[in-house]
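Encoded as structure tokens, the structure appears first; notes follow it.
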Amino acid sequence: MKSYLISSLLLTSIFSLGQDSFIIVNEDSISTKEFKTAYHNNIEIEGIDKAVDTYINFKLLQQEAEKTKVDTTAAFARIYAQSIQPKRDKYLYNEEVKNKLVNEIWTNLQTDRKVEIFALGVANPFDLEAKKERSLLAKDLYQQVCKNQPATQRVIEFRKTLPENKVWLRPMKSSAEIERVVYKTPVGACSEIQNSENGFFFVKVLEERPSTGIIGLDFIFNLDKTKLHQASEELKNDAKWEDVVSKYNISKANTGYINKPRWDVDIPTEFLNQIKNLEEGAITEPFEAKDGYYIIKFYKQEKFENKDNWTDWIENNIPQSSYSMDYVQYVENHANKVVEVIEDPSAQNELIKALGKDFFSKDKEIEFKANKKIWSTDKMSFSQQDLLREIKLSKQFLGKDTNFDEFLAYSLPKYKTQFKLNNYITHLEKYESDFAEASDLLKQAIKVNHLIEYEIYDKAVHDSIGLQKYLNDHIEDYIWPTRYALEIYRYKNPEDAKVLTKMLKRKKSSEEILKFFEGKKDDKGALAVVLTRGNFAIDGADTPKNFNPKKKIQSLTYRNGPSIVRLVSKLESRPKTIEEASRQLKEAYKSYYYEETLKNLKKNATISLPSTL
């Protein structure tokens, strides 16, 4: 079938007024210079005549496709969106950013780090008094934890509220912001206090070890040592692991991990010691841990060795992690540079003045009807009502102590950047010429492919009169060779072969033979004798090896196994019917119909070629 793909056709409709030599196909024209540039690969491979013919064919199909208006349908929009996404991703997931992330994550994956995280959240980052109080507490806590200074009373009280927070970390387990601080901090040291959007935090790195990699395991946990030994005995007597888990395990922590790798780096040290020298699939003896008794089934351990083997895995996991914000930051920065915005500061100030500095502290709903544009491009706009909606939404989550000026200083640049980002993503073709060209070519290809598939091939399939005529005109290509109707009896036991042979020589029917063997099965429940019927050409790929058309009954190899074959009849060579020719005929007729359609389009087209071509 014909299919016009972007990668194989570099088509344009460029009017080069400085040229005096054009290829003209109805209303479309291209200069010979532009044609040779766009089609240089085709010309080198196919020659100039074939390249010109390819261009003319595509232009004719493209012009015909435009008449179908298929680009106005939901199906076109869906196909276009799916097909263009990989090209769109090129701009949303920058290659340089991806490579930096892969290198960073791979380097840090070589070690696991045990850390203590001290986080002091701020419920409202624009409540200056609360933020100041949290900042002072963070400094006091830092002095006590990292500088061994005596704890103040408020640090003592605060630490009582903190849960045990000593954990093993590795990249893509928690937030990228915390993990980056963890891996930049020396073992045994504290990081500096970090000021984040949600408050303050610092970490203390306690230990480092070579990475444990990804571990696949399952376990049975019980507080009763005797029951674990009973479980162990049942496993040794070939009980199914899943049945023993269901019977003795009292923990739900392993639900969903059966026979699956565990990404969790915080696997207990006792577990790691138990599986250290185990082979895959092995089961431990019961052992005691700090919270009870365990039996582990070890599936596998995949260590982070050989970066090439893990690169795809890292790339695929980045979008689901907070490291993906690096992509967003890159696109935001790029959008800020390339998207030009018309601003109306007076419209922004008018709304802010109407809201007032006490906006967050007052309960009364503001009435503001104006809707002037604050930021706009030729494609989109962000109005006073848009800004009002965003600010009202924030009010639902922020308290009455929100400092309005602080909120605006932080939020307005964010809103503007988001507006530019939305412009950039939604109208990518406006800002990236390569994407615009790829998008246009893709749309052309989808329309042409739709024309071929549904306006040409579909008509061919339903043209029964034309199909019969094509078969009659090409009947020599649709002839059955001489074939032989065979019964092929496959067996495994040589004793069954002896019985089979006797029954065939006595001219027993296939029904009688199968009934005789139907109750006989091997130890796995498979039938002792299996029958295959069919019509086979002498040189057919599926014909039993060394088949002799002159012998009625013969022992042969069929599908790599022993069989006894009975020749039922000989079928003489004859022409195939439409039904018998079926798929092969329809595919050939579709190609024929396509070529005939092109001939008719050319016949009715105005085509002009320069003498130089």
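The conditions of being farther than 30 Å from Val328 by Cα, open to solvent by 40 Å² or more (accessible area, probe 1.4 Å), modelled with pLDDT of 95 or more and part of a helix (DSSP H, G or I) are met by Lys139. Among the residues of the stretch 419-445, write down those that are over 30 Å from Ser383 (Cβ atoms) and open to solvent by less than 40 Å² (accessible area, probe 1.4 Å). Answer for the stretch 419-445, where residues must be over 30 Å from Ser383 (Cβ atoms) and open to solvent by less than 40 Å² (accessible area, probe 1.4 Å): Ala438, Leu441, Leu442, Gln444, Ala445.
Which count do you get for residues in the stretch 191-236 that are open to solvent by 10 Å² or more (accessible area, probe 1.4 Å), within 30 Å of Asp127 (Cα to Cα) and assigned to a loop (DSSP other than H, G, I, E, B)? Within the stretch 191-236, residues that are open to solvent by 10 Å² or more (accessible area, probe 1.4 Å), within 30 Å of Asp127 (Cα to Cα) and assigned to a loop (DSSP other than H, G, I, E, B) number 4. Residues that are part of a loop (DSSP other than H, G, I, E, B) and exposed (fewer than 10 other Cβ atoms within 10 Å of the Cβ) are absent from the stretch 574-589.
The test for being modelled with pLDDT of 90 or more, among the small types (Gly, Ala, Ser), open to solvent by less than 30 Å² (accessible area, probe 1.4 Å) and farther than 29 Å from Leu162 by Cα does not hold for Ala239.
Residues that are free of Cβ contacts under 8 Å to residues at least 60 places away in the same chain and among the aliphatic types (A, V, I, L, M) within the stretch 486-533 comprise Val499, Met503, Ile513, Leu514, Ala526, Leu527, Ala528, Val529, Val530, Leu531, listed in sequence order. Considered as a group, the residues in the stretch 36-52 that are assigned to a helix (DSSP H, G or I), open to solvent by less than 50 Å² (accessible area, probe 1.4 Å) and out of contact with any Leu (no Cβ under 8 Å at 6 or more places or on another chain) include one that is nearest to Lys599 (Cα to Cα), and that residue is Ala51.
Check whether at least one residue in the stretch 403-421 is among the polar types (S, T, N, Q), over 18 Å from Ala347 (Cβ atoms) and outside any helix (DSSP H, G or I), and report yes or no. Scanning the stretch 403-421, I find at least one residue that is among the polar types (S, T, N, Q), over 18 Å from Ala347 (Cβ atoms) and outside any helix (DSSP H, G or I), so the answer is yes.
Against the numbered list (1) over 30 Å from Lys132 (Cα atoms); (2) without any contact (Cβ under 8 Å) to a residue 60 or more places away in the chain; (3) among the β-branched types (Val, Ile, Thr), Ile220 comes up short only at (2). Of all residues in the stretch 501-533, those being at positive phi and either open to solvent by less than 90 Å² (accessible area, probe 1.4 Å) or not in a loop (DSSP other than H, G, I, E, B) (or both) number 1. Residues that are in contact (Cβ under 8 Å) with a residue 24 or more places away in the chain, touching a Ser or Thr at 6+ places or on another chain (Cβ under 8 Å) and open to solvent by 40 Å² or more (accessible area, probe 1.4 Å) were ranked within the stretch 534-565; the one that is nearest to Asn493 (Cα to Cα) is Pro562.
Selection of the stretch 134-152 for residues being over 13 Å from Glu192 (Cα atoms) and of a type in the set (Lys, Arg) yields only Arg134.
Return yes or no: is Ile456 open to solvent by less than 20 Å² (accessible area, probe 1.4 Å), at pLDDT below 95 and not basic (Lys, Arg)? Answer is yes for this residue.
The values are calculated or read from the model by the stated rules, or taken from the named source; none is laboratory data. The structure presented is a predicted model; accordingly, all values stated were derived computationally and were not measured. For neighbour counting, all protein chains shown are included, and Cβ atoms are generated from backbone atoms with ideal geometry for every residue, glycine included. In case anyone asks, the SASA skips ligands and DNA or RNA and just uses the protein heavy atoms, side chains included. Shrake-Rupley method; radii C 1.70, N 1.55, O 1.52, S 1.80 Å.
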